[in-house]
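Working notes, structure below.
The values are calculated or read from the model by the stated rules, or taken from the named source; none is laboratory data. The shown structure was predicted, so the numbers you read here are calculated from the model rather than taken from an experiment. When we count neighbours, we look across all protein chains shown, and the Cβ atoms used for this are built from the backbone with ideal geometry, even at glycine. The protein model used for the area step is the full one, side chains on, heavy atoms only, and it has no ligands, DNA or RNA in it. Shrake-Rupley method; radii C 1.70, N 1.55, O 1.52, S 1.80 Å.
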Amino acid sequence: TDLLTFCEDKVLNILANKDALYNADGNSQLTASANVLGQTTPYVGEYGISKNPESLASYGFRTYFTDKSRGTVLRLSSDGLEPIADKGMSAFFFDNLPICNTLIGSFNDSKGSYNLTLSALTPAWQSLFATGQYDRTNPDCSDYVPEGLVPQTTVTFKENADGWTS
C-alpha cells in the first residue's frame, strides 16, 4: 500500500492509502480519509532511475532498474537498494550505460531473470563481442564497418545464480 517513487537521483518510499484524521470545518467532528500521502522515506544510497523508466522491471518483492548517470544497475528488495552491476559487470555497465539512448528492462518469471537491453555499446566493447577480426589501428579502415560487430546487446541477471548469466 506504499508508493515507490523513482526520481532521477533518489528512490523514495511514500506512505499511501493510510487513514488520516482531520478537522474539516473547525468543529470537533473528525472525518477519516484514505486519500492521503504520508511520510516520505528515502532509500539508503545515492541512486535514482535517471531518465530511463523503461529500464524498470518488477517481480514479487524485487524491482530492477538502471541508473544511467552513475553507470550501474540496481535491485530494490526488502534489503534496500543493491547495485547488482557490482556482481561481475561493473566495468561493462559503467562504460556502456551512459552512451545508451534506450535501456529496456523486463523480467522473465519462468526463468527468474531480469533482462536488460542496451541500445548501444562502446567501440571497445563492440570489438570484444565481435564475431570477426577487425583492426581499429589501421587508418585505411576508418570507414569500414566490419561484419560481426555487436552494436547492441541484452544481458541477464539470474536470481538463483546471484549474478549475470549472459
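Among the residues making up the stretch 50-85, those that are of a type in the set (D, E, K, R), out of contact with any helix residue (DSSP H, G or I) (no Cβ under 7 Å at 6 or more places or on another chain) and over 20 Å from Q152 (Cα atoms) are R62, D79, E82.
Consider G88 against the criteria (1) within 14 Å of T156 (Cα to Cα); (2) surrounded by 14 or more Cβ atoms within 10 Å (Cβ to Cβ); (3) not β-branched (V, I, T): it satisfies all of them except one. Which criterion is unmet? Status for G88: all satisfied but (2). Against the list (1) open to solvent by 70 Å² or more (accessible area, probe 1.4 Å); (2) at pLDDT below 95; (3) under 19 Å from I14 (Cα atoms), the condition P53 fails is (2).
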